[in-house]
Amino acid sequence: MFVVTSAASAAAALPSPNFLGNRMVSPAIALAFLPLLLTLIIRYRFYFVLFYRAVLVRSWKDCVTGLSREERAYQYVLTHAIPGDPDSILEAFDIWCSKVEFISNIGPKKGKILDRLLMEQSPLTVLELGAHCGYSTVRIARALPLGARLYSIEMDQRNAAIAEKIIRLAGFDDDTVELIVNPSDEVIPRLRSDYGLERLDFVFMDHWKKCYAPDLQMLEGSGLLGKGSMIVADNVLFPGAPKFLRHIRKSGLYEWKVHRATLEYSKGIRDGMAELVYLGIK
């Protein structure tokens with residue numbers, strides 16, 4: 001059987017010039033965007049690495065091990081650190097966080113700034129907001145003078161359980177470090193009534209960044225900050241605490257500065273730690 005095809009039908013069956021043109025232009029468009037894509041990858045490469053270490057690796061190991069990241073960190077510290085030696089505990093943490101998995105502790109570089117401020121201030125009553133898994137708690141406790149006491153607040157019960165083990169492994173008892181498991185906005189109003197505090201000499205903030213400003217204002221209203229009380233707040237530039245920085249600029253209650261640094265256990269991500277000295281109510 002012979003099939004007669006009309007010229008119109010044959011023409012309709014052929015690809016249109018526009019279709020061919022689009023097919024030919026698409027690779028050209030892709031090539032045009034390639035330099036932009038490479039520029040973005042290079043510019044934000046440190047953030048991609050952070051996302052890989054902090055999110056992807058963590059999620060995969062959570063599924064494989066059935067343990068939380070903090071529990072895995074504790075197991076490493078338990079098997080690699082010397083009990084009763086705070087320096088050894090911190091060193092094991094730093095190795096794990098830099099070479100195994102990422103945890104947002106203050107880290108060794110900004111930690112040295114914190115160490116210096118604590119040595120200069122020699123505070124007797126210290127409040128920590130955000131114990132997490134105990135790294136900064138141990139770092140603070142080892143720098144305190146004899147007779148000083150640290151009150152550390154952690155809202156997450158699982159993290160608090162790890163922090164408790166780390167603190168005791170480092171050799172600090174309840175007389176030196178008291179761990180309080182509750183949200184900071186519930187504890188701060190009760191520090192005077194429930195814990196007998198009259199003044200806070202030093203406050204370290206490293207919990208949820210959105211809580212920095214309201215918690216600072218709550219401390220101001222509590223009457224626990226006296227002239228010369230020092231507040232140190234980590235990660236004020238990354239992830240950032242803009243409301244906190246805005247408050248300290250406008251309040252006029254502080255002499256303050258930001259110590260520029262890079263994000264802990266990372267390269268190329270700018271961060272900073274705020275140092276505030278309370279001037280008192282004017």
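The values are calculated or read from the model by the stated rules, or taken from the named source; none is laboratory data. On a predicted model such as this, the values are computed, not experimentally measured, just so you know. Neighbour counts run over all protein chains shown; Cβ positions are idealised from the backbone, glycine included. Only protein heavy atoms, including side chains, enter the accessible area calculation; ligands, DNA and RNA are left aside. Shrake-Rupley method; radii C 1.70, N 1.55, O 1.52, S 1.80 Å.
Details
- Each peptide in 264-271, 124-131, 171-178 receives the mean, over its residues, of other Cβ atoms within 10 Å, and ordering these scores from highest gives 124-131, 264-271, 171-178.
- The charge dipole of the range 27-128, taken about the Cα centre with unit charges on the Cβ atoms of Lys, Arg (+1) and Asp, Glu (-1), comes to about 600 debye, rounded to the nearest 20.
- Residues within the reach of a label modelled at Arg158 (point 7 angstrom out along Cα to beta-carbon, backbone nitrogen below 20 Å), restricted to the range 168-187, are 180-184.
- When you restrict to C-alpha pairs under 8 Å that are six or more residues apart and normalise by the size of the range 184-282, the relative contact order lands at 29 percent.
- Relative contact order of the chain, defined on C-alpha pairs under 8 angstrom at six or more residues apart (%): 15 percent
- Local net charge near His80, Cβ-Cβ under 12 Å (Lys/Arg +1, Asp/Glu -1): -2
- Structure-based [θ]222 nm, the chain - -39500 (n - 2.57) summed over DSSP H runs of at least 4, per residue, nearest 500: -15000 deg cm²/dmol
- Semi-axis lengths (Å, descending) of the ellipsoid that matches the C-alpha gyration tensor of the range 216-279: 24, 11, 10
- Accessible surface, per residue, of the chain when the full set of protein chains is kept, probe 1.4 Å, Å²: 54 Å²
- Label-point separation, Thr39 to Glu178 (7 Å along Cα→Cβ), nm: 5.7 nm
- Spatially proximal aspartates and glutamates relative to Lys250 (Cα-Cα < 19 Å; intrachain offsets below 8 disregarded): Asp215, Glu220, Glu275
- Full extension of the chain segment joining Ile29 with Lys243 gains 72.8 nm, where the gain is 0.36 nm per residue of separation less the Cα-Cα distance.
- Annotation for Leu67 and Arg270: the two label points, set 7 Å from Cα along the Cα-Cβ direction, are 3.8 nm apart.
- Among beta bridges that DSSP assigns inside the chain, antiparallel share in %, nearest 5: 40 percent
- Amide N of the range 218-234 lying under 20 Å from the label point, which is placed 7 angstrom from the Cα of Arg260 along Cα→Cβ: 233-234
- Note on Leu197 and Lys227: the model spin-label points, each 7 Å out from Cα along the C-beta direction, lie 2.2 nm apart.
- A simple packing score, the average count of other Cβ atoms within 10 Å per residue, orders the peptides 83-89, 136-142 as 136-142, 83-89, with the highest score first.
- 24 Å Cα-Cα threshold exceeded, pairs from Lys99/Lys209; Lys61/Lys210; Lys109/Lys209; Lys165/Lys267: Lys99/Lys209; Lys61/Lys210; Lys165/Lys267
- Accessible surface of the chain, 1.4 Å probe: 60 percent of it comes from carbon and sulfur atoms.
- The chain: C-alpha gyration tensor shape, a/c 1.5 cut-off, then a/b vs b/c: prolate
- Relative to the dominant Cα principal axis of the chain, helix 69-80 is inclined by about 60°.
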